[in-house]
Amino acid sequence: VQLQASGGGLVQPGGSLTLSCTASESISAITAIGWFHQAPGKHHDLVSAITRSGSENYADSVRGRFTISRDNAKNTVNLQMNNMKSEDTGVYYCADIAEWRRGDYRWGQGTQVTVSS
């Protein structure tokens with residue numbers, strides 16, 4: 001299943017943005033899907049994940065500001081980002097957590113988010 005991120009853009013500090021992860025096929029069989037943040041010159045950091053049953057996990061840096069949601073019927077996973085900070089700037093990707101953990105993950109197209117006044 002190919003996962004593609006979209007919805008990025010330019011937002012002011014304190015603003016909000018919603019990212020969407022769209023799958024090429026049904027996501028109902030995928031155990032967990034995560035959102036990753038890659039700051040300039042850095043590695044991919046897992047910021048949030050959601051399981052097939054709807055359990056959510058967040059990195060400390062985004063907990064309370066970001067909300068992940070999953071719609072199996074629409075094959076999408078969204079990331080609502082509120083009270084955004086300059087350190088949220090970077091490229092965001094979504095991925096199948098199980099495949100990512102196997103290593104050497106082939107990242108799909110990410111979406112650029114820039115937080116700046």
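Some notes on this structure:
- Relative contact order (%) - criterion: Cα under 8 Å, at least six apart; region: region 13-52: 35 percent
- The chain, dipole about Cα centre (Lys/Arg Cβ +1, Asp/Glu Cβ -1), debye to the nearest 20: 60 debye
- Cα-based convex hull, region 28-76, per residue volume (Å³, whole number): 88 Å³
- Among Ser28, Ser61, Ser69, the residue with the largest mean-square fluctuation in a Gaussian network model of the chain, with springs joining Cα atoms closer than 10 Å, is Ser61.
- Whole-Hz couplings from phi, Karplus 6.51/-1.76/1.60, listed for region 107-117; x for Gly and Pro: 6, x, 6, x, 10, 7, 10, 10, 10, 7, 8
- Only protein atoms count toward the accessible area here, which uses a 1.4 Å probe; on region 1-103, the carbon and sulfur part of that area reaches 45 percent.
- Counted by Cβ distance under 13 Å from Asn72, the other residues give a net charge of +1, where Lys and Arg count +1 and Asp and Glu count -1.
- Percent of Cα pairs in region 1-53 per distance bin of 10 Å, from zero to the largest separation: 19, 47, 28, 6.
- Mean separation of Cα pairs under 8 Å and 6 or more residues apart, divided by the residue count, gives the chain a relative contact order of 37 percent.
The values are calculated or read from the model by the stated rules, or taken from the named source; none is laboratory data. Everything numeric in this text was worked out from a predicted model, so none of it was measured. Because the Cβ atoms are built from the backbone with ideal geometry, glycine has one as well, and the counts that use them run over all protein chains shown. We work out accessible area using only protein heavy atoms, side chains counted, and drop any ligands, DNA or RNA first. Shrake-Rupley method; radii C 1.70, N 1.55, O 1.52, S 1.80 Å.
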